[in-house]
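For reference, the structure is listed below as structure tokens.
The values are calculated or read from the model by the stated rules, or taken from the named source; none is laboratory data. Everything numeric in this text was worked out from a predicted model, so none of it was measured. Don't worry about glycine lacking a Cβ; one is built from the backbone with ideal geometry, like all the others, and counts go over all protein chains shown.
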Amino acid sequence: MSILELRNLSLELGGRRILNGITLDIWPNRIHALIGPNGAGKSTLASTIIGLAGFRRIEGDILFEGASITGLSVDERARLGITMAWQEPARFEGLTVRQFIRAGAKDKSNARLDAALDQVGLDPAKYLARALDKTLSGGERKRIELASILAMEPKLVLMDEPDSGIDVEALEKIFEANRTLKANGATVIQITHSLAVLRQSEHAFLMCCGKVIDKGEVGKIAGYFENKCLPCDHMNVPVAEELM
Amino acid sequence: MSKAELLEKLLASIGGHPTDDDVARIEVHHNQVLGSHLVPGLEVEVEEQAEGIRAQITFREGAKIAKPVHVCFGMLPETGVQNIVLDIRAQAGSQASVIAHCSFPNAVDVIHRMDAEITVGAGATYSYFERHMHGPHGGVLVLPKAKVRVEEEGRFRTEFELIKGRVGRIDIDYETTCLAHGVVEMVARISGSKNDVIKIHETALLEGEYARAVLKSYIALRDDARAEVFNTLRASAAYARGHVDCKEIVQGRAVAKAVPIVEVNHPLAHVTHEAAIGSVDSKQLQTLQSRGLTEDEAVDIIIQGLLS
């Protein structure tokens, strides 16, 4: 059974149709990629799945583990096990890394917080007492956010642009953390326009112009994206039907 | 109630004091000194008055008080007035810090006034951390007033915290004059709710060369609480440097106002200010909610961060 089902999902923002009749099934316990050019609607789809305010007035339905979550708020969806890692994680002036990770952790023991930081390659002795502010690099904040997700023990994680603003070493730690999430039974959806991120996935969906236009094996989608999407100059122009 | 019983209840309301021999402490309930313990280098003279006390506290020249002095001022009854008049002298070269707890756990109609004259002598370092612990009724009027003089190369730091229980009404009025190479830091962290009223007037006058000051106010308001923060920084000497920082988070029908006043009277002086008033940052809120926290739980954590 799919862990997440989107049924004819559409969304308008500011009078513009951003998501256009998306139907797809996310199989559980896999690392998926949702790839597409800038403006395809990927981040909007992630925000809609997670239920952020402003992305809730949809047409169609979203089902999680077989039940509709369309009427649920972001925190209600999170308590069912759905969460998200942002492209640019928030800074929390005044909060320590420990306080932040503990806030959403299922097991709030120090041992669990230590383990979560270890799993993203950060030394708990150096990081737990640090402030989650501008003194941390973007890569460090991304890894700390992922540590908080590992400690939450979710069922479905949306990773928005996991390679944005970080170095190669940090990206490898994020891929490792994704594999850890999968080993713990979670499903991961990586939102990306990067072939490198796509190739770290097991299954892919291709988005264009607010639609999912193809899905399947990573190699096939990578080839299509590289040869058709990257050179395409129809960005944000509704040519999805032609592509299909 | 005997002095011993009063002392026990007063200390219980603040979670206790350290009782080690090398830690100085003074406990005052209403107008009674319930207990005290001094250490070498610290002199205290107290005069009990009708509605409070008058005390002269002296850190002797060159004295290095290794551990913070613990002070407790409070009133357990629901009503009353407590006036604390302090003359604090950190003599030249001394180093000391004070942790003061002010406890009014049952207050329905209590007035707590503090009127302090503080002198931080040349090369001395003095820090004063004041934590207020109020009950749930909001029946406290807190009026802390201090005139501070920081002499050459002296360092003064004061931090006022009121984040547990209802504020009631508070009107802080601190003015500090800082001479050459002196350093001043004044911080206030206050969380108001219901119909609490918060006023802060903090002034630093940088009158000596290379004098430095930072004034910081962090306020969180909910319900119908109101806050007005007036931070004034005046730099009148060469290379004087200062910064004013005011951050306020407003929820519900609360109203916040910040008035930073910066004045420079010397071409080689430099002062800056920033003020931010607004609701809780939506990205922080969304992040915490996406970890399963309700909106209220998330707001509590964000405010905890602001006031930490």
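Taken together, the residues in segment A:11-57 that are within 14 Å of chain B (Cβ to nearest Cβ) and closer than 17 Å to residue A:86 by Cα amount to 11.
Can you find a residue in segment A:58-81 that is touching a residue at least 60 places away in the same chain (Cβ under 8 Å), within 23 Å of residue A:225 (Cβ to Cβ), within 13 Å of chain B (Cβ to nearest Cβ) and within 17 Å of the chain's Cα centre (by Cα)? No, segment A:58-81 contains no residue that is touching a residue at least 60 places away in the same chain (Cβ under 8 Å), within 23 Å of residue A:225 (Cβ to Cβ), within 13 Å of chain B (Cβ to nearest Cβ) and within 17 Å of the chain's Cα centre (by Cα). Going through (1) within 18 Å of the chain's Cα centre (by Cα); (2) away from chain B (no Cβ under 11 Å) one by one, residue A:85 falls short only on (2).
Can residue A:100 be described as away from chain B (no Cβ under 12 Å), at pLDDT 95 or above and surrounded by 21 or more Cβ atoms within 10 Å (Cβ to Cβ)? When the stated conditions are applied, residue A:100 does not pass them. Listed here are the strands (runs of 3 or more DSSP E) enclosed by segment B:234-308 that have at least 3 residues being within 13 Å of chain A (Cβ to nearest Cβ) and either buried (at least 17 other Cβ atoms within 10 Å of the Cβ) or of a type in the set (Lys, Arg) (or both): B:241-250. In segment A:24-33, is there at least one residue being more than 17 Å from the chain's Cα centre (by Cα) and farther than 30 Å from residue B:304 by Cβ? There is no residue in segment A:24-33 that is more than 17 Å from the chain's Cα centre (by Cα) and farther than 30 Å from residue B:304 by Cβ. So residue A:119 passes all but one of these: (1) more than 12 Å from chain B (Cβ to nearest Cβ); (2) surrounded by 15 or more Cβ atoms within 10 Å (Cβ to Cβ); (3) at positive phi. Which condition number does it fail? Result: residue A:119 passes all but (3). Residue B:36 meets the stated requirement of being of a type in the set (Ser, Thr, Tyr), in contact with a strand residue (DSSP E or B) (Cβ under 9 Å, 6 or more places away or on another chain) and under 20 Å from residue B:57 (Cβ atoms). Taking segment B:71-105 on its own, how many of its residues are over 26 Å from residue B:154 (Cβ atoms), among the polar types (S, T, N, Q), touching an Asp or Glu at 6+ places or on another chain (Cβ under 8 Å) and buried (at least 19 other Cβ atoms within 10 Å of the Cβ)? Residues flagged as over 26 Å from residue B:154 (Cβ atoms), among the polar types (S, T, N, Q), touching an Asp or Glu at 6+ places or on another chain (Cβ under 8 Å) and buried (at least 19 other Cβ atoms within 10 Å of the Cβ) within segment B:71-105 amount to 1.
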